[in-house]
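J.: Below is the structure I would like to discuss, written out as structure tokens.
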Amino acid sequence: DIAVYLLFLAFSLYFGPRTSAWYAGLCLAAVTVPFWFAARWQLGASFSVRPEAHELLTTGIYAKIRHPVYVFGGLAWLGALLALLGWGALSIGVIVAVVEFARARREERTLAATFGPDYEAYRSKTWF
């Protein structure tokens, strides 16, 4: 998904209309992409498309945010969409947010079932 994102971002950079939304989108992407990449790197081999509980990661970005890939990845995609499509991309962003929220909840059920009280303790100390 990162390679597809980078191609989409490059397309947005080149073809996007030079409007306030284009600048806002690129600024949003510039701020969020490093955090998204760092979160994916910290997951390492634990990353999977489907919810699977390999290990309970509680360090780095994951010490403060339970789902940084969803948070920062979603914001990075919103930035690229804003750069290409303008302010109308916000409606797409809302749809993506709903989907990502549902994915995170499904993942949380898997982690809670696998790690039990350890996950609940972690969950109580972190944001989404």
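J.: Just to check, using Stokes-Einstein with a Kirkwood Rh over alpha carbon pairs, what's the diffusion coefficient of the chain at 20 °C and 1.002 mPa s in µm²/s? Let's see the in-between values first.
T.: Values: Rh = 15.4 Å.
Translational D for this selection: 139 µm²/s.
J.: Using the eigenvalues of the Cα gyration tensor, what equivalent ellipsoid semi-axes result for the range 12-72 when each is taken as the square root of five times the eigenvalue, whole Å, largest first? Mind showing how you got there, number by number?
T.: Working: eigenvalues 179, 29, 14 Å².
Working through the eigenvalues yields semi-axes of 30, 12, 8 Å.
J.: Under a point-charge model restricted to the Cβ atoms of Lys and Arg (+1) and Asp and Glu (-1), what is the dipole moment magnitude of the chain relative to its Cα centre, in debye to the nearest 20? All intermediate terms of the calculation are to be shown ahead of the outcome.
T.: On the way: 11 positive and 8 negative charges, 37 e Å.
The dipole magnitude comes to about 180 debye.
J.: For the chain, what does the helix formula give at 222 nm: sum of -39500 (n - 2.57) over DSSP H segments with n ≥ 4, over the residue count, nearest 500 deg cm²/dmol? Mind showing how you got there, number by number?
T.: Values: 5 runs with 92 residues, N = 128.
It comes out at -24500 deg cm²/dmol, rounded to the nearest 500.
J.: Helix check for the chain. Which DSSP H runs span at least 18 Å along their own axis by Cα, with a mean Kyte-Doolittle hydropathy no less than 1.0? Provide the component values of the computation, followed by the final result.
T.: On the way: long enough: 2-15 (19 Å, 2.32); 20-43 (34 Å, 0.97); 68-85 (24 Å, 1.91); 89-115 (38 Å, 0.69).
Helices meeting the span and hydropathy rule in the chain are 2-15, 68-85.
Readers should treat all values here as calculations from the given coordinates under stated rules, not as data from a laboratory. These numbers were taken from a predicted model, which means no experiment stands behind them. Here the Cβ is made from the backbone with ideal geometry for all residues, glycine too, and neighbour counts use every protein chain on show.
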